[in-house]
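Contents: one structure, followed by commentary.
The values are calculated or read from the model by the stated rules, or taken from the named source; none is laboratory data. Quick caveat, the model's predicted, so the values are computed rather than measured. Backbone-built Cβ (ideal geometry, glycine too); neighbour counts: all protein chains shown.
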C-alpha cells in the first residue's frame, strides 16, 4: 500500500520539478546560458500567491470560493512573473548578448542574489505560511486504492499536466513555436530567415517565467509555506532534472524531473530518508556516465 | 574541442553555484557592534591608560545566536531580551562606573559561522562574556575557541549532553540537558499518554539527533519497543515520503524534535492534508505562537511540547518583564525569558568580580559564574553544577490549546 502512496508523492514532486526545470531548459536551448535568476522568479511567484491568498482570507470571502481564489492566485503569479522574467532578460541579459559567454552568467547570478536578498530583507528571512487547508477543502481528497491524494497534490499534478500538454503543442505546432525551435538551432540563420530573434527570446522568458509563477504558487500550496530561499533550494533539483533529461530539450526536462523525483521518493521510502539526496545524485552521476548529454539530449555537433 | 570546453563551462558553473550558496547562506553574519566597534576599543584603551578618572568604562556582552535563517525568530527574540537585560542592568545603577553594550554575533545556527564569530568575540578584550550560542551544534564548534580565550558563556538553550561533559570550564547553561529532558519526555509519554508505539523524526542536527536518541533509549527502557525512526534535513519542505511511513505505522505518538517552529508546523500541516492526525510531541524549540500556532491554522492543535523552564506567563516574577517585552515586540518565543535571565546571571557575576583599571578579568568572571546563586524572572534559584549544568529547575510539558500554549505537567529533576 505504501508503494501507491509513494508513487503519488513522486508524481507531485516530479510535477513541481518539471514546471521549474522547463524554464532552465528552454532558456538554455535558445541562449545557451543558465538563467540562475529563474529560481527567484519561481520564489516570487510563490510570494505573489501568498499575498493574494492573505488578502482574500482577510476579506473573509475565502471559505465560499476556493474555485475563484486559486485561479486568481495563479493568474496574478503568472502576470507578475512573466513581467519580471521579461524585464530581467531585457535589463540584465540582452545588453550582454554579444559579450563573452560567462558575462550573462555572472549577470544572472547577480540578479538571483539581488532578488533573494531583497525578498529576504522584506520578509525578515522568515517563511510565510500558505493556508492550504483554508484554500482547499480537505474533503476534496481523492482516494485511489490505498493512496490518498489531498486536493493540493492532485491540483499540482493536474495543472502541471495541462501546462505541459499545452506547451508541447505550442512549441511543436504553432508559428512562434517553430520560430523558437529555429532560433534554438541556429540563431543567426533564424535571423536571416526573418525571425525577430529578440522577440523570440523575450517570448521564451515570458513562457518560462509564467510556468515558474504557476510552479511557485503550487509549491506554496503543497509545502504549506514559502520562503526567500525556496527558489535556490528547488533550483538545484530542477537544474539537475534539466541536465538529467538533456539540457535544452523540453521533453527531456520533464522526463528528468520525474526520474529525479522518483529516485528521491522511493530512495527515502525503501532505503532511508537520510540518504534521499545521495541516492538521487548518485543516480544522476551514473546516468551521465553512460549518457553524457542527458537522456534525450543531442550530442553536440563537433565544430572545427 | 567543444566537449572539453563544455566540461570547463560546467565546472565553472558548478563553482559559481557553490559560491552563490555561500553568499545566500550568509546574509550579514559579521559580528556587529551596537555602537561603532573601532571607537569602543579606543575608549576602553583610553580609560585604562588614564586610570579611573570618573569616566565610564564600556564593556560588551556578546550575544551569539541565529539572528537570520530558519531560526531567526527565536534568535531575534533572544537578542532583544538580551538588549533589554543590559539596558535594565545599566539603569539599575548596580555598576555605576560601567556601561554595558551588546555585540551581536549572528551564527545563523551554522557551526562554521559560529566558530568565526566566536573568534571575533574572543579577540575583543572589552567582551566580558557571551550569552549563547543558542543551538547545540553552534556551541560545539565554538566552545574550544571561547575556552581558549577564557570567555565565560551562558547558553539559554543548548541542551546537548556532550557540551557539558567535554570538560570545558567556560560553558554554562540555564536549561536542563537532553540527558534529563529525554527521559522526562519518555516518562510522560509512557505514564501519562500510555503510548505503546512511537515514530521519531530528527533533523540530523546535534540537538535533534541527541534528543531523539535519548527519548528512544528511555522509551525502550520503559518497555516501548515498537519504534520507528527517520531523519529529515533543516532544508526539507516536502515531508510526504516520511509522512507516508508515519501513516502506515499509525503510531501512538509522533516525536519530532525539530528546532524550527515553521518547519515543525509545516510537517503537521502536511500530515493533516494527507488525511491523518496522530498525537505529536514537538520539542522545546517549537514554542512560537505565530509560527507554530497561528501559521499552522489548527494543524498543531493538541501537540505536546517541552518547555525547559516554567512558562514565564505562570511565574509572578516574570510579569513585569513580559509586559515590557510584549509592549515593545508584541510576543515572546521560547527562549526569550531565558535569554534575559542568562544575561542577568552573567552581569551579576561581572558585578561580583568588579572592574579593575577599566578591565575585567574573564577568568574571575568565570569563577564567579560557577558560584552563581541567583533568583530572577524564572522563579527558581539558578546555580550551576561543576560541569556548568543547571543544578535545579525541571522539565515542563505544555500543549497547544486554541491560540496559546498551556501547562500540562511539571516533571521535577531528581
Practice task
For the stretch B:235-284, name all the residues that are without any contact (Cβ under 8 Å) to a residue 24 or more places away in the chain and within 21 Å of the chain's Cα centre (by Cα).
Solution key: B:235
Exercise for the section: Evaluate the stretch A:49-61: report whether one residue or more is within 14 Å of chain B (Cβ to nearest Cβ) and exposed (fewer than 13 other Cβ atoms within 10 Å of the Cβ). Expected result: yes
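Let's see how each residue does on (1) under 15 Å from residue B:106 (Cα atoms); (2) touching a strand residue (DSSP E or B) at 6+ places or on another chain (Cβ under 9 Å); (3) modelled with pLDDT of 95 or more:
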site: B:124; (1), (2), (3): no, yes, no
site: B:130; (1), (2), (3): yes, yes, yes
site: B:137; (1), (2), (3): yes, no, no
site: B:151; (1), (2), (3): no, yes, yes
site: B:154; (1), (2), (3): no, yes, yes
site: B:159; (1), (2), (3): no, yes, no
site: B:163; (1), (2), (3): no, yes, no
site: B:166; (1), (2), (3): no, no, no
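Kindly indicate whether any position in the stretch B:131-138 is in a strand (DSSP E or B) and touching a helix residue (DSSP H, G or I) at 6+ places or on another chain (Cβ under 8 Å). If you could, list the steps in order and put the result at the bottom.
Residues of the stretch B:131-138 in a strand (DSSP E or B): B:131.
If we keep only those that are touching a helix residue (DSSP H, G or I) at 6+ places or on another chain (Cβ under 8 Å) too, we end up with B:131.
Scanning the stretch B:131-138 turns up at least one residue that is in a strand (DSSP E or B) and touching a helix residue (DSSP H, G or I) at 6+ places or on another chain (Cβ under 8 Å).
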Handout entry: Given (1) part of a helix (DSSP H, G or I); (2) away from chain A (no Cβ under 11 Å), index of the condition residue B:278 fails
Key = (1)
Exercise for the section: Go through the residues of the stretch A:262-283 one by one and say whether even a single one is at pLDDT 90 or above and closer than 24 Å to residue A:181 by Cα. Expected result: no
Practice task
Run down A:273, A:240 and say which single residue is touching a strand residue (DSSP E or B) at 6+ places or on another chain (Cβ under 7 Å), surrounded by fewer than 24 Cβ atoms within 10 Å (Cβ to Cβ) and within 12 Å of chain B (Cβ to nearest Cβ).
Solution key: A:273
Exercise for the section: Inspect all residues belonging to the stretch B:308-317 and state whether any of them is buried (at least 24 other Cβ atoms within 10 Å of the Cβ), assigned to a loop (DSSP other than H, G, I, E, B) and within 14 Å of another protein chain (Cβ to nearest Cβ). Expected result: no
Handout entry: Qualifying residue in the stretch B:260-272 (condition: surrounded by fewer than 24 Cβ atoms within 10 Å (Cβ to Cβ), at pLDDT below 90 and out of contact with any strand residue (DSSP E or B) (no Cβ under 7 Å at 6 or more places or on another chain))
Key = yes
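For the stretch A:99-113, does any single residue satisfy the condition of being touching a residue at least 12 places away in the same chain (Cβ under 8 Å), part of a helix (DSSP H, G or I) and closer than 30 Å to residue B:300 by Cβ? Write out each step before concluding.
Initial filter on the stretch A:99-113 (touching a residue at least 12 places away in the same chain (Cβ under 8 Å)): A:101, A:104-105, A:107-112.
Checking the rest, the ones that are also part of a helix (DSSP H, G or I) come to A:104-105, A:107-112.
Keeping just the survivors that are closer than 30 Å to residue B:300 by Cβ gives none.
No, the stretch A:99-113 has no match at all.
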Exercise for the section: Name the single residue, out of those in the stretch B:281-302 being in a loop (DSSP other than H, G, I, E, B) and surrounded by fewer than 23 Cβ atoms within 10 Å (Cβ to Cβ), that is nearest to the other protein chains (Cβ to nearest Cβ). Expected result: B:297
Handout entry: Residue in the stretch A:127-186 that is farthest from the other protein chains (Cβ to nearest Cβ), counting only those that are over 24 Å from residue A:56 (Cα atoms), without any contact (Cβ under 8 Å) to a residue 12 or more places away in the chain and not in a helix (DSSP H, G or I)
Key = A:174
Practice task
Hey, can you tell me all the residues within the stretch B:377-412 that are in contact with a helix residue (DSSP H, G or I) (Cβ under 7 Å, 6 or more places away or on another chain), within 22 Å of residue B:185 (Cα to Cα) and surrounded by fewer than 14 Cβ atoms within 10 Å (Cβ to Cβ)?
Solution key: B:404
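Against the condition more than 13 Å from chain A (Cβ to nearest Cβ) and over 21 Å from the mean Cα position of the chain (by Cα), how does residue B:221 come out, does it pass? Walk me through it before giving the result.
Details: more than 13 Å from chain A (Cβ to nearest Cβ): yes; over 21 Å from the mean Cα position of the chain (by Cα): yes.
So residue B:221 passes the test.
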Fill in the blank from the handout: Of (1) over 19 Å from residue A:235 (Cβ atoms); (2) within 20 Å of the chain's Cα centre (by Cα); (3) surrounded by fewer than 18 Cβ atoms within 10 Å (Cβ to Cβ), residue A:159 satisfies every one except (3)
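Taking residue B:264, is it within 13 Å of another protein chain (Cβ to nearest Cβ) and assigned to a helix (DSSP H, G or I)?
yes
Here's the yes/no breakdown for (1) outside any helix (DSSP H, G or I); (2) within 20 Å of the chain's Cα centre (by Cα); (3) closer than 30 Å to residue A:200 by Cβ:
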| residue | (1), (2), (3) |
| --- | --- |
| A:40 | no, yes, yes |
| A:49 | no, yes, yes |
| A:55 | no, no, no |
| A:58 | no, no, no |
| A:69 | no, no, no |
| A:74 | no, yes, yes |
| A:79 | no, yes, yes |
| A:86 | no, yes, yes |
| A:90 | no, no, yes |
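Name the residue that is surrounded by the fewest Cβ atoms within 10 Å (Cβ to Cβ), counting only residues in the stretch A:8-32 that are at the interface with chain B (Cβ under 10 Å from one of its Cβ atoms) and more than 15 Å from the chain's Cα centre (by Cα). Talk me through it step by step, then tell me what you get.
First, the residues of the stretch A:8-32 that are at the interface with chain B (Cβ under 10 Å from one of its Cβ atoms): A:8-10, A:12-13, A:16, A:32.
Imposing the further condition that a residue be more than 15 Å from the chain's Cα centre (by Cα) reduces the set to A:8-10, A:32.
Details: A:8: 22, A:9: 29, A:10: 22, A:32: 15.
Residue satisfying both the conditions and the ranking: A:32.
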Completion exercise
When the stretch A:203-228 is checked residue by residue, the ones that are within 15 Å of residue A:48 (Cα to Cα) and within 14 Å of chain B (Cβ to nearest Cβ) are A:215, A:216, A:218, A:219, A:220, A:221, A:224, A:225, A:226, A:227, A:228
Handout entry: Members of the stretch A:85-125 found to be in contact with a helix residue (DSSP H, G or I) (Cβ under 6 Å, 6 or more places away or on another chain) and within 25 Å of residue B:292 (Cα to Cα), listed by number
Key = A:116, A:125
Handout entry: Only listed residue being modelled with pLDDT of 90 or more and at positive phi, chosen from B:393, B:388
Key = B:388
Practice task
Please state which of the following conditions residue B:248 fails to meet, knowing it meets all the rest: (1) under 14 Å from residue A:274 (Cα atoms); (2) within 11 Å of chain A (Cβ to nearest Cβ).
Solution key: (1)
Fill in the blank from the handout: Within the stretch A:1-38, the count of residues that are within 21 Å of residue A:105 (Cβ to Cβ) and assigned to a helix (DSSP H, G or I) comes to 13
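Which residue out of A:149, A:68, A:144 is at pLDDT below 90 and out of contact with any helix residue (DSSP H, G or I) (no Cβ under 8 Å at 6 or more places or on another chain)? Can you show your working first?
Details: A:149 fails: out of contact with any helix residue (DSSP H, G or I) (no Cβ under 8 Å at 6 or more places or on another chain); A:144 fails: out of contact with any helix residue (DSSP H, G or I) (no Cβ under 8 Å at 6 or more places or on another chain).
Unique residue meeting the criteria: A:68.
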Handout entry: Members of the stretch B:225-244 found to be more than 7 Å from chain A (Cβ to nearest Cβ) and either surrounded by fewer than 21 Cβ atoms within 10 Å (Cβ to Cβ) or farther than 19 Å from residue B:279 by Cα (or both), listed by number
Key = B:225, B:226, B:227, B:228, B:229, B:233, B:234, B:236
Practice task
Go through the residues of the stretch B:169-178 one by one and say whether even a single one is closer than 25 Å to residue B:303 by Cα and in a helix (DSSP H, G or I).
Solution key: yes
Exercise for the section: Could you grab me the full set of residues in the stretch B:142-168 that are part of a loop (DSSP other than H, G, I, E, B) and within 13 Å of the chain's Cα centre (by Cα)? Expected result: B:156, B:157, B:158, B:159, B:160
Problem - Residues being within 19 Å of residue A:42 (Cα to Cα) and more than 10 Å from every other protein chain (Cβ to nearest Cβ) - total across the stretch A:95-109 - result: 1
